[in-house]
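Data first, discussion second: the structure below is written as structure tokens.
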């Protein structure tokens, strides 16, 4: 393998790794949403927490502020946003994986 081809292979792999990191950070930022005066990050942790709590609970938002919430409403909003963003993230991930 010549040096130019080796450099290109390394560059492609490095670019792919960087693209994955940027993609993850981008979609993690899109998982943030406001609800009942707090800021929340949609994801399995929040959804599971809502599942085990009573219908009204005081939960800590991403800024460590206690917020009284209706867990059913918070869970529904979190699940909808999380699934939308995960579907979009997976689609973009498949596209950058094809380039590698």
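What's the ranking of 85-91, 46-52 by average number of surrounding C-beta atoms within 10 Å, highest first?
Working: 85-91: 13.1, 46-52: 15.0.
In descending order of packing, they fall as 46-52, 85-91.
Of the listed values (1) 1.08; (2) 1.51; (3) 1.62, identify the label whose number matches Cα Rg over 2.2 N^0.38 Å calculated from this model.
(2)
At residue 91 and residue 47, where each label point lies 7 Å from the Cα along Cα→Cβ, what is the point-to-point distance in nanometres?
Here the modelled spin labels are 1.8 nm apart.
What does the helix-only formula give at 222 nm for the chain: each DSSP H stretch with n ≥ 4 adding -39500 (n - 2.57), the total divided by the residues, and the result rounded to the nearest 500 deg cm²/dmol?
One gets -23000 deg cm²/dmol as the mean residue ellipticity at 222 nm.
Nearest 10 degrees is fine. How inclined is helix 71-99 to the longest principal axis of the chain, computing both from alpha carbons?
Between the helix axis and the principal axis of the chain, the angle is about 0 degrees.
With axes computed from alpha carbons, what is the tilt in degrees of helix 3-30 against the longest principal axis of the chain, rounded to the nearest 10 within 0 to 90?
10
For labels at residue 60 and residue 21 in the simple 7 Å Cα→Cβ model, what's the distance in nm?
With each label placed 7 Å out from Cα toward Cβ, I get 2.9 nm.
So what is the relative contact order for the range 3-99, in percent, with contacts set as C-alpha pairs under 8 Å and at least six apart?
Relative contact order, the range 3-99: 28 percent.
Each reported figure results from applying straightforward, stated rules to the coordinates on display, with no laboratory input. Here the structure is a predicted model, which is why all the values come from computation and not from measurement. Methodologically, a virtual Cβ is constructed for each residue, glycine included, from the backbone with ideal geometry; neighbour enumeration extends over all protein chains shown.
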